[in-house]
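In what follows, a structure is listed as structure tokens, so that the remarks can point back to it.
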Amino acid sequence: MDIIYQNCNRLDILINKEPPARRNNIKYKVDQLKYDLKHVQNSLAILQQRRCVREREKEEREALLSRNFTTNDDTSIFLDYELHHHDKLGESNRALDELLGAGGSI
């Protein structure tokens with residue numbers, strides 16, 4: 001690809017040596033070659049990127065399939081905070097009931 005790009009640049013230089021009558025036509029063709037080269041380079045880059053993504057996904061699948069899964073030996077849930085929070089909510093509820101009851105009796 002680099003050689004093709006260098007040749008296109010060389011053609012740009014050689015355009016100036018052509019007669020003015022043919023210069024525009026040849027410049028148009030060289031510009032078209034450059035455009036086609038850029039298009040091919042972009043397509044190649046996209047194909048390489050897709051190939052890398054496929055290879056990475058394949059490696060990830062293989063790593064996942066070769067992994068040995070075990071059971072969880074120590075599964076404990078820390079409930080002390082939740083239990084304390086629940087007790088305090090219950091106390092608040094009882095205190096409000098007593099307050100409402102006292103207000104209703106007055």
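Where a number appears in this text, it was derived from the coordinates with a stated rule and is not lab data. Please read all numbers here as calculations on a predicted model, not as lab measurements. Neighbour counts are summed over all protein chains in view; Cβ atoms, including those assigned to glycine, are modelled from backbone coordinates with ideal geometry.
For the range 13-24, the set of residues classified as loosely packed, with under 10 Cβ neighbours inside 10 Å and either within 35 Å of the chain's Cα centre (by Cα) or not charged (D, E, K, R) (or both) consists of I13, N16, P19, P20, A21, listed by residue number.
For (1) surrounded by 10 or more Cβ atoms within 10 Å (Cβ to Cβ); (2) under 45 Å from the mean Cα position of the chain (by Cα); (3) assigned to a helix (DSSP H, G or I), each residue gets a yes or a no:
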position	(1), (2), (3)
L11	yes, yes, yes
L33	yes, yes, yes
S43	yes, yes, yes
E55	yes, yes, yes
E60	yes, yes, yes
N72	no, yes, no
A102	no, no, yes
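On the stretch given as the range 13-25, residues that are in a helix (DSSP H, G or I) and free of Cβ contacts under 8 Å to residues at least 12 places away in the same chain total 8.
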